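Enquirer: Below you'll find the structure I mean.
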Amino acid sequence: MFANLPPVTRALLIANGLVFLLQMVVGEVSLAPFMLWPLDAGSDPYAQGGFLPWQVLTYGFMHGGFAHLAFNMLALVMFGAPLEHTWGEKRFLTYYLACIVGAAAFQLGVGWWTMAQGGEAYPTVGASGGIFGLLLAYGMLFPNQRVMLLIPPIPMKARTLVIVYGVIELLMGITNTMPGVAHFAHLGGMVFGWLLIRYWRGQPPFGRKGPPRMRIVR
C-alpha cells in the first residue's frame with residue numbers, strides 16, 4: 001500500500017514521520033524555533049518562544065503526540081492520494097503547502113487577538129491545517145463520494161462531511177471548546193484551500209484571469 005501511494009503523498013508521510021522521531025530524540029525544547037509562535041510572544045525563540053518567518057511551514061511537520069500524527073497521516077492518505085492522482089504532483093504540493101501557510105495566518109491572527117485581550121497564546125504544531133484543506137478539496141472535487149467516519153462509524157457523502165467538520169470547528173472555536181486545539185487554524189486551511197481552488201477555476205472573486213479550469217479525472 002505504501003509503495004503504491006503517489007510520490008508527494010508518500011514523501012509527506014515520510015517527512016512527518018521523521019520529524020516526529022526527531023522530536024522524540026532531541027526533545028521539543030530544542031525544536032522550539034520551528035513551532036508556530038504568536039507574533040507577540042517574544043523576540044528570542046530559543047529563550048521564550050518568538051515568531052520567525054519559516055515557522056509558517058515548519059510547524060506543519062511537527063506533532064504533539066503519536067495519536068495526533070496518526071490521525072493526520074491517515075487523513076493524508078485518504079484524501080491526499082486521490083487529489084494527487086487528480087491534480088498531479090506539482091499542483092497537489094502547492095495546494096497542501098498553501099493550506100499549511102493559510103492555517104498559520106489564521107492562527108497568528110487568533111494568537112494576536114488573544115494576547116491583545118490579556119490572554120495567553122501558545123505555540124502551534126501539526127499538519128491539521130493542511131489536512132482540513134485536503135478535506136475541503138476532496139469534498140469539492142468528489143462531493144458524492146461516500147466516506148466513513150471513524151468515530152462514530154457513519155457513512156456520508158464527502159460534501160456532507162466537509163460541512164459537518166466546518167461547522168463543528170467553527171462552533172468549537174467560538175465557544176473555546178477544547179482550547180488546546182487550534183480550531184481556527186483548521187478553518188484557515190479550509191478557507192485558503194477554497195480560495196485557491198476558486199482561483200484555479202477562474203471563479204469569483206478572481207474572475208477568469210487565472211490558470212485554466214481544472215479537469216477532474218473520473
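Every number here is computed from the coordinates shown, using simple stated rules; none is lab data. Please read these numbers as outputs of a predicted model, since none were measured by experiment. Don't worry about glycine lacking a Cβ; one is built from the backbone with ideal geometry, like all the others, and counts go over all protein chains shown.
Enquirer: GluC sites (Glu not before Pro) within segment 37-129: which are DSSP loop residues with at most 15 other Cβ atoms inside 10 Å?
Expert: Sparse-neighbourhood loop GluC sites (Glu not before Pro): 120.
Enquirer: Please state the Cα pair-distance histogram of segment 7-201 with 5 angstrom bins from zero: what percent is in each bin?
Expert: Going out from 0 Å in 5 Å bins, segment 7-201 shows 1, 8, 16, 20, 20, 16, 10, 5, 2, 0 percent.
Enquirer: Would you work out the charge dipole size for the chain about its Cα centre, treating the Cβ of every Lys and Arg as +1 and the Cβ of every Asp and Glu as -1, and quote it to the nearest 20 debye?
Expert: That gives the chain a dipole magnitude of about 1360 debye.
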